[in-house]
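For reference, the structure discussed in these notes is given below.
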Amino acid sequence: MGSVTAGSAGVDAARHAGIPVVTIGLGDPERYRDIQIAAVEAPNFAFLHSSVDIEVTVKSWGYKGQVIPLVLKQEGRILSTSSLVLDADRSVRRARLP
């Protein structure tokens with residue numbers, strides 16, 4: 001599992017302490033592979049025992065032609081499933097799960 005590294009707290013602390021920060025990209029960008037759940041959107045409210053749609057945005061790199069499963073769970077119980085075709089090496093796809 002990854003960790004959240006977004007934000008500037010570490011860079012701001014280094015800058016405040018006068019420590020230079022140098023970043024170097026490593027690896028072959030043509031072979032980079034990743035799948036990210038970029039957003040999950042749901043209504044602000046819903047009525048009890050009524051169905052709502054959940055919108056999921058998936059970003060992918062390096063998985064052209066792959067079909068990935070999407071599974072919506074609540075406390076380990078599967079509520080809905082779908083699949084998503086990743087049609088390009090770098091793509092942003094949206095799916096709806098009821």
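The values are calculated or read from the model by the stated rules, or taken from the named source; none is laboratory data. Please read these numbers as outputs of a predicted model, since none were measured by experiment. Note: ideal-geometry Cβ built from the backbone for every residue, glycine included; neighbour counts use all protein chains shown. The accessibility values were calculated without ligands, DNA or RNA, using every heavy atom of the protein model including side chains. Shrake-Rupley method; radii C 1.70, N 1.55, O 1.52, S 1.80 Å.
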For residue 90 and residue 28, extending 7 Å from Cα along the Cα-Cβ vector and measuring point to point gives, in nm, a value of 1.8
With x for Gly and Pro, the residue-by-residue ³J(HN,Hα) of the range 73-88, computed from phi through the Karplus equation 6.51 cos²θ - 1.76 cosθ + 1.60 at θ = phi - 60° and given in whole Hz, is 10, 9, 6, x, 8, 6, 9, 7, 9, 7, 10, 9, 8, 8, 8, 8
Length-normalised contact order of the range 1-94, Cα under 8 Å, at least 6 apart, in percent, tallies to 22
Computed, not fitted: 222 nm per-residue ellipticity of the chain from DSSP H runs ≥ 4 (each -39500 (n - 2.57)), nearest 500, equal to -2000 deg cm²/dmol
Hits in the range 48-64: amide N under 15 Å from the 7 Å Cα→Cβ extension of residue 39, namely 54-60
With +1 at each Lys and Arg Cβ and -1 at each Asp and Glu Cβ, the charge dipole magnitude of the chain around its Cα centre, to the nearest 20 debye, comes out at 120
Checked the chain with the C-alpha gyration tensor, a ≥ b ≥ c its square-rooted eigenvalues, rounded below a/c of 1.5, otherwise prolate if a/b is larger than b/c and oblate if not; verdict oblate
Rounded to whole Å², per residue accessible area for the chain with a 1.4 Å probe reads 83
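For the chain, what % of the accessible area comes from carbon and sulfur atoms, probe 1.4 Å?
The computed percentage sits at 54.
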By the mean-Cβ-within-10 Å protection proxy, highest first, 9-17, 87-95 rank as 87-95, 9-17
